[in-house]
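Data block below; observations after.
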Amino acid sequence: VNSQKQIKKYLAKKGLRPSHVRVQVFRYLLEHRTHPTAEEIFSSLAEEMPTLSRTSVYNTLRAFTEAGLVKIITVEGDKVRFDADLSDHGHFRCSRCGKIYDFGFSFDGLRWEGLEDFEVESKELYLRGLCPECKLKKSRREKEES
Ligand SMILES: [Zn+2]
Ligand SMILES: [Zn+2]
């Protein structure tokens with residue numbers, strides 16, 4: 001799903017009327033794999049669509065979430081972010097620059113001890129640390145200081 005036409009088809013298949021706003025928001029999510037917040041999506045799209053309202057972006061994201069088109073990711077102490085990549089993958093958040101990186105990961109074969117009688121509704125893997133760039137900056141600074 002990439003062209004406007006394909007996105008329209010995809011939305012319709014998921015039971016959503018492919019309005020202009022919905023198509024544009026979904027295209028944005030496909031093109032920006034940065035796990036944007038609703039506010040980021042709104043301010044970028046508002047540049048091309050001056051009549052766009054914040055409410056319609058929020059409503060669109062809610063409709064996408066309910067229809068299972070996007071995943072919500074909530075990383076500690078952060079805003080709600082949206083991810084159009086529905087495959088199993090983990091998120092790494094750099095504690096210095098705040099960027100969020102995807103990494104390959106599969107939940108298959110993972111054992112959940114003590115949850116045998118539970119029904120799992122959502123699975124998320126979230127790691128925190130330093131990205132390679134920030135790690136480099138940190139080690140350079142440490143060298144300078146010593
Ligand atoms: Zn970083
Ligand atoms: Zn992701």
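Quick one: in the range 100-123, which of the residues that are exposed (fewer than 13 other Cβ atoms within 10 Å of the Cβ) and within 12 Å of ligand 2 (Cβ to nearest atom) is modelled with the lowest pLDDT?
If we take residues in the range 100-123 being exposed (fewer than 13 other Cβ atoms within 10 Å of the Cβ) and within 12 Å of ligand 2 (Cβ to nearest atom), then GLY104 is modelled with the lowest pLDDT.
Within the range 52-69, is there a residue that is out of contact with any Pro (no Cβ under 6 Å at 6 or more places or on another chain) and within 12 Å of ligand 2 (Cβ to nearest atom)? Break it down into steps so the answer makes sense when it comes.
Residues of the range 52-69 that are out of contact with any Pro (no Cβ under 6 Å at 6 or more places or on another chain), as a first pass: 52-69.
Adding the requirement that they be within 12 Å of ligand 2 (Cβ to nearest atom) leaves none.
Looking through the range 52-69, none of the residues is out of contact with any Pro (no Cβ under 6 Å at 6 or more places or on another chain) and within 12 Å of ligand 2 (Cβ to nearest atom).
Is the range 71-78 home to any residue that is over 22 Å from PRO132 (Cα atoms), within 11 Å of ligand 2 (Cβ to nearest atom), of a type in the set (Ser, Thr, Tyr) and loosely packed, with under 15 Cβ neighbours inside 10 Å?
The answer is no; no qualifying residue exists.
State whether the residues of the range 31-40 include one that is within 30 Å of PHE105 (Cα to Cα) and small (Gly, Ala, Ser).
Checking the range 31-40: at least one residue is within 30 Å of PHE105 (Cα to Cα) and small (Gly, Ala, Ser).
Do you know which residues across the range 100-109 are in contact (Cβ under 8 Å) with a residue 60 or more places away in the chain and within 14 Å of ligand 1 (Cβ to nearest atom)?
Pass one, the range 100-109, residues in contact (Cβ under 8 Å) with a residue 60 or more places away in the chain: 100, 102.
Matches in the range 100-109: ILE100 only.
Considering (1) assigned to a loop (DSSP other than H, G, I, E, B); (2) within 16 Å of ligand 2 (Cβ to nearest atom); (3) over 12 Å from the mean Cα position of the chain (by Cα), say which one LEU127 fails and leave the rest.
Result: LEU127 passes all but (1).
Let's see how each residue does on (1) free of Cβ contacts under 8 Å to residues at least 12 places away in the same chain; (2) open to solvent by 60 Å² or more (accessible area, probe 1.4 Å):
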| site | (1), (2) |
| --- | --- |
| ALA12 | yes, no |
| PHE26 | no, no |
| LEU29 | no, no |
| THR34 | no, yes |
| SER44 | no, no |
| GLU47 | yes, yes |
| PRO50 | yes, yes |
| ARG54 | no, yes |
| ALA63 | no, no |
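Identify all residues within the range 54-88 that are more than 14 Å from HIS35 (Cα to Cα) and among the aromatic types (Phe, Trp, Tyr); write none if there are none.
The answer is TYR58, PHE64.
The values are calculated or read from the model by the stated rules, or taken from the named source; none is laboratory data. Keep in mind it's a predicted model, so treat the numbers as computed, not measured. We place every Cβ from the backbone using ideal geometry, glycine too, and count neighbours over all the protein chains shown. Accessible surface is based on the protein model in full, side chains and every heavy atom, while ligands, DNA and RNA are left aside. Shrake-Rupley method; radii C 1.70, N 1.55, O 1.52, S 1.80 Å.
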